[in-house]
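The values are calculated or read from the model by the stated rules, or taken from the named source; none is laboratory data. From a predicted model like this one, the values you see are computed outputs, not experimental measurements. Cβ placement follows ideal geometry from the backbone for every residue including glycine, while neighbour counts extend to all protein chains displayed. Surface areas here come from the heavy atoms of the whole protein model, side chains and all, with no ligands, DNA or RNA. Shrake-Rupley method; radii C 1.70, N 1.55, O 1.52, S 1.80 Å.
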Number of protein chains: 2
Amino acid sequence: MRPADLHIDAARLRADIEHLASIGRREDQGIYRMAFSDGDMAAREWLLGRIEAAGLQAHQDGAANIHARLGWREDVAGVMAGSHIDTVPGAGHLDGALGVLCALEALRTLKESGLPLKRPLEATAFSDEEGRFGGLFGSQALAGQVTPESLHNARDLEGVTLVDAMTARGLDARAALHAQRPPGSIHAYVELHIEQGPILDRQGVAVGIVDAITGLFKWQVTLNGAANHAGTTPMNLRADAFQGLTEFAGQIDRVLEEHGGPASVATIGRVELHPGAANVVPGQAVFSLDVRDTDASTLERLAGAFQRTLAAIARRRGLMFEYEILSEIAPVPCARLVRNAVEAAVEKLGVDATHINSGAAHDAQVVAAVAPAGMIFVPSKEGRSHSSAEWTAWNDIEAGANVLLHTLHQLAG
Amino acid sequence: MRPADLHIDAARLRADIEHLASIGRREDQGIYRMAFSDGDMAAREWLLGRIEAAGLQAHQDGAANIHARLGWREDVAGVMAGSHIDTVPGAGHLDGALGVLCALEALRTLKESGLPLKRPLEATAFSDEEGRFGGLFGSQALAGQVTPESLHNARDLEGVTLVDAMTARGLDARAALHAQRPPGSIHAYVELHIEQGPILDRQGVAVGIVDAITGLFKWQVTLNGAANHAGTTPMNLRADAFQGLTEFAGQIDRVLEEHGGPASVATIGRVELHPGAANVVPGQAVFSLDVRDTDASTLERLAGAFQRTLAAIARRRGLMFEYEILSEIAPVPCARLVRNAVEAAVEKLGVDATHINSGAAHDAQVVAAVAPAGMIFVPSKEGRSHSSAEWTAWNDIEAGANVLLHTLHQLAG
């Protein structure tokens with residue numbers, strides 16, 4: 001077989017996707033495979049079976065990440081592809097599962113092709129990407145970012161600790177502290193994922209070559225005015241905290257236009273007014289501000305601009321303001337090595353593709369700390385994500401899987 | 001004694017105010033005399049004792065309203081002054097209590113003066129003005145507005161029914177259905193109250209001659225857009241329900257300026273976003289809109305303008321909107337008879353006074369349905385109300401009490 005003839009088995013991939021979609025599914029409510037739940041454990045069991053059936057070598061590391069290995073050897077840096085098979089509650093059938101199964105299918109195809117490979121290959125399913133215990137656990141362990149403290153503190157919304165949840169499954173959580181891969185041992189990491197946004201779907205393009213994964217800052221802002229009787233306080237004698245928030249929210253588009261880039265987004269998703277009664281002028285407004293961009297200096301400029309806007313509004317309206325930084329995640333540019341390989345694969349296959357950024361978090365941005373990492377997106381119907389209505393057309397999945405296959409062959413061949 | 005020499009006993013009034021303020025008080029938390037609570041019952045007991053001590057006739061009607069009567073006779077329409085002694089939880093020492101005790105002091109003074117009175121006088125404490133069981137219960141009973149159904153349905157936030165609460169105090173709630181005063185039997189009603197707003201305090205004026213009690217409409221508005229991932233959804237592909245609310249809230253001042261009067265106010269005091277997570281574009285915003293004015297046609301114009309503004313914003317932003325009318329209360333002009341008497345009293349006493357509207361609800365607006373009614377305001381320090389920080393200077397209270405005294409003498413003498 002010539003490399004140009006490499007093509008995944010679309011029927012086999014589809015059968016795998018459909019089978020995995022049946023594991024942890026609740027009638028009419030979507031899929032429940034939260035990390036180390038019954039659904040997740042059944043999916044892991046099934047995945048190990050598929051790896052074995054493909055004649056690939058199965059390996060489970062200290063963070064319970066599952067790896068399917070082809071041509072494994074310790075002395076040559078390997079090429080890794082993967083994602084995760086855990087889900088949010090009520091999930092769709094694609095999300096992380098698609099990236100794991102496309103990687104597995106690529107390895108099966110390469111194995112069957114008999115083509116020579118210079119580097120070992122791994123198809124990986126990372127543990128707890130979705131965040132039952134905080135998220136990105138498996139990739140963080142692989143990148144050496146799990147500490148005894150973070151391991152000890154991780155717990156789910158019901159208070160179950162990660163350590164207890166893993167112990168209950170016969171897994172030793174402390175082994176995650178030793179799951180780090182040696183520096184330089186991963187030549188490249190490639191993750192295929194649904195876009196989780198509407199851009200590819202709107203453009204009718206099958207594949208997105210991901211240039212960067214956005215960073216973000218998330219603030220909790222408090223505006224303090226004076227709570228007053230809504231009937232007896234004239235408009236000009238109010239210090240209405242919600243009106244301050246309203247003016248700020250109305251400035252978001254201007255701030256993004258003046259200080260952001262074309263991909264900058266800002267969202268106020270949570271608002272609490274106090275005392276929160278219809279007949280009381282709000283004395284306090286507490287709200288979230290989530291700002292994202294792929295460029296670190298743009299994020300910095302936006303933080304400054306939002307701060308100045310808040311300060312000016314507060315001063316003019318006689319309000320006090322404070323903000324607490326809830327989280328800050330640095331943007332991660334995708335590695336040139338991987339982007340070039342994806343571009344070459346797209347060109348070779350003649351697939352309709354475009355450059356895009358990832359607005360959501362992925363294992364790839366964690367792995368990027370220890371290896372050149374990149375991503376391939378396929379469209380999400382109407383941008384739907386984390387929902388049982390999540391959907392990608394089968395021909396787009398096939399196109400994406402073939403791009404992944406050829407990307408891996410280029411990186412490892 | 002000549003009528004011009006009539007003057008209340010400021011020390012006696014102050015002693016009464018301070019004593020009543022001690023009933024139902026919780027250390028550092030303000031006063032708790034919610035209707036038919038232990039505090040309210042103790043205050044009623046004390047008030048009946050003060051009426052008796054003054055040599056006035058005590059009467060309790062079917063709604064448990066307490067009346068102190070001077071020169072009572074059924075065949076001549078009487079002059080009534082009053083307010084309420086129940087409180088919100090954590091209340092200050094003035095609010096309704098001031099109006100009841102100033103009315104009691106006026107009757108004591110008139111009795112002691114020996115001046116002839118053409119009409120009987122009553123100082124009244126209405127039951128549940130503040131709303132443990134819905135509010136304005138006593139005045140509604142007196143105005144014949146309590147129905148078997150409204151009586152049966154009234155319950156507090158804990159689910160205790162008004163009927164059970166009264167029964168537990170040895171009171172027959174059904175008697176409230178027969179507490180209505182015969183038509184024409186009340187010549188005039190005057191209520192002294194703290195302003196509960198900042199206007200008199202800002203102007204440094206002791207007395208407000210109330211021209212009207214504002215009406216209001218209260219809506220619950222729902223804006224529906226689409227919940228989307230805050231990271232993956234570009235700004236121009238969002239249908240952000242909160243941004244719709246923000247634009248609407250930013251139009252409130254314009255709508256009031258274009259369609260309202262000088263006293264119009266509008267407040268958004270309650271906001272709920274769904275799903276309400278920092279990283280999700282809000283798909284739904286539910287909020288309250290409370291709009292008040294003293295003129296019915298102005299309120300109607302404002303309702304139309306706010307509706308058009310909502311519709312335009314929703315259309316432009318691809319949102320759906322609906323609104324539910326939570327309450328509508330018609331504005332009540334104060335009776336010319338009472339306003340003239342208050343103006344005459346102010347002039348006679350040389351008290352610094354101004355015309356003002358009431359932005360809050362009062363028993364007076366209910367009594368207005370069956371009798372000419374009016375109000376006298378004294379300043380609220382910084383507009384504070386329904387708070388243990390509520391405060392009015394003693395000399396302003398004295399001035400207000402004397403205006404009430406001379407108003408009653410003019411109406412009854």
(request) Pick out, from A:LEU223, A:MET166, B:GLN180, the residue whose Cα sits farthest towards the positive end of the charge dipole of the protein assembly as shown, with +1 on the Cβ of Lys and Arg and -1 on the Cβ of Asp and Glu. (result) A:LEU223
(message) Can you list the copy-to-copy distances for B:GLN203, using a point 7 angstrom from Cα toward Cβ, in nanometres, shortest first?
(response) 6.4
(request) Any chance you could run the full-extension gain for A:SER185 through A:ALA369? It's 0.36 nm times the residue separation minus the Cα-Cα distance, nm to one decimal. (result) 65.0 nm
(message) Restricting to Cα atoms and excluding each atom paired with itself, what does the Kirkwood estimate give for region B:1-98 in Å?
(response) 14.9
(request) Would you list, by chain and number, the aspartates and glutamates whose Cα falls below 17 Å from the Cα of A:LYS118, excluding same-chain residues fewer than 8 positions away? (result) A:GLU74, A:ASP75
(request) Sort shortest first the distances from B:GLU328 to its counterpart in every other copy, using label points 7 Å along the Cα-to-beta-carbon line, and give them in nm. (result) 5.4
(message) Show me, for region A:36-41, the HN-Hα J-couplings you get by feeding each phi into the Karplus relation (A = 6.51, B = -1.76, C = 1.60, θ = phi - 60°), rounded to Hz, glycine and proline as x.
(response) 6, 7, 4, x, 4, 5
(message) From the C-alpha coordinates alone, can you work out the Kirkwood hydrodynamic radius of the protein assembly as shown, in Å?
(response) 31.1
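Relative contact order of region A:1-88: what whole-number percent is it, with Cα pairs under 8 angstrom and at least 6 residues apart?
So the answer I get is 24 percent.
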(request) Take chain A, connect every pair of alpha-carbon atoms lying under 10 Å apart with a spring to form a Gaussian network, then pick out the residue of A:SER380, A:SER37, A:SER139 with the largest mean-square fluctuation. (result) A:SER37
(request) For region A:179-272, calculate the relative contact order in percent as a whole number, restricting contacts to Cα pairs under 8 Å that are 6 or more residues apart. (result) 14
(message) Give me the inter-chain shielding for B:275-287: mean count of other chain Cβ atoms within 10 Å, whole number please.
(response) 5
(request) Rank these by accessible area, largest first, 1.4 Å probe: A:HIS7, B:HIS229. (result) A:HIS7, B:HIS229
(message) As an exercise, use a Förster radius of 41 Å and the Cβ-Cβ distance of B:SER297 and B:ASP352 to find the FRET efficiency, rounded to the nearest 0.05.
(response) 0.80
(request) Take peptide A:234-241, look around each residue's Cβ out to 10 angstrom, count Cβ atoms belonging to other protein chains, and average those counts. (result) 5
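What Kirkwood hydrodynamic radius do you get for region A:267-375 when you take the inverse of the mean 1/r over all pairs of distinct Cα atoms, in Å?
For region A:267-375, the Kirkwood estimate is 17.7 Å.
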(request) Given the options A:SER127, A:SER387, A:SER358, state which has the largest fluctuation in a GNM of chain A using a 10 Å cut-off (strictly under) for Cα springs. (result) A:SER387
(request) Using every pair of alpha-carbon atoms in region B:215-329, split the distances into 10 Å bins beginning at 0 and state the percent of pairs per bin, rounded to integers. (result) 15, 44, 28, 11, 2
(message) If I take R0 = 60 Å and measure r between the Cβ atoms of A:HIS59 and B:GLU258 in this structure, what FRET efficiency does the formula 1/(1 + (r/R0)^6) give, to the nearest 0.05?
(response) 0.25
(message) How far, in nm to one decimal, is B:ASP38 from itself in the other copies if the label point is set 7 angstrom along Cα toward Cβ? Shortest first, please.
(response) 5.1
(message) For A:MET166, B:MET1, give me the order by solvent-accessible area with a 1.4 Å probe, most accessible first, ignoring ligands, DNA and RNA.
(response) B:MET1, A:MET166
(message) Charges at C-beta only: +1 for Lys and Arg, -1 for Asp and Glu. How large is the resulting dipole of region B:294-413 about its Cα centre, in Debye rounded to 20?
(response) 540
(request) Let me know the charge dipole size of the protein assembly as shown about its Cα centre in debye, to the nearest 20, where only the beta-carbon of Lys, Arg (+1) and Asp, Glu (-1) is charged. (result) 680
(request) Could you point to the residue in B:ALA263, A:ALA10, B:GLY39 farthest towards the positive end of the protein assembly as shown's charge dipole, with +1 and -1 charges on the Cβ of Lys/Arg and Asp/Glu respectively? (result) B:ALA263
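Subtract the Cα-Cα distance of A:GLU45 and A:ALA11 from 0.36 nm times their separation in residues, and report this length gain in nm to one decimal.
On the way: separation 34, 0.36 × 34 = 12.24 nm, distance 2.18 nm.
Separation in residues times 0.36 nm, less the Cα-Cα distance, equals 10.1 nm.
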(message) Let's see if you can work this out: charge +1 on each Lys and Arg Cβ, -1 on each Asp and Glu Cβ, no other charges. What is the dipole magnitude of region A:1-155 about its Cα centre, in debye to the nearest 20?
(response) 360
(message) Compute a Gaussian network model of chain A, connecting alpha carbons closer than 10 Å, and tell me which residue from A:ALA165, A:ALA91, A:ALA212 fluctuates the most.
(response) A:ALA165
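Just from its helices, what would the mean residue ellipticity at 222 nm be for chain B, if runs of 4 or more DSSP H residues each count -39500 (n - 2.57) and the sum is divided by every residue, rounded to the nearest 500 deg cm²/dmol?
That comes out to -11000 deg cm²/dmol.
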(request) Could you compute the FRET efficiency for A:TRP391 and B:GLU322, with r as their C-beta to C-beta distance and R0 at 25 Å, rounded to 0.05? (result) 0.25
(request) Please compute how much accessible surface disappears when B pairs with A, both sides summed, using a 1.4 Å probe, and round it to the nearest 100 Å². (result) 3700
(message) Using Cα-Cα distances under 8 Å and only pairs 6 or more residues apart, what relative contact order does chain A have, in percent?
(response) 23
(message) Quick check: residue separation of A:ASN153 and A:GLU18 times 0.36 nm, minus the Cα distance between them. What number comes out in nm?
(response) 45.0 nm
(message) List the aspartates and glutamates whose Cα sits under 15 Å from the Cα of B:LYS111, skipping any in the same chain fewer than 8 residues away.
(response) B:ASP5, B:ASP9, B:GLU52, B:GLU122
(message) Just to confirm my numbers, what's the Cα centroid distance between region A:312-329 and region A:128-204 in Å?
(response) 33
(message) Please compute, for peptide B:357-364, the average count of beta-carbon atoms on other protein chains lying within 10 Å of each residue's beta-carbon.
(response) 2
(message) For chain A, what does the convex hull of the Cα positions come to per residue, in cubic angstrom?
(response) 151
(request) Using only protein heavy atoms and a 1.4 Å probe, report how much of B:TRP394 is accessible, in Å² to the nearest 10. (result) 60
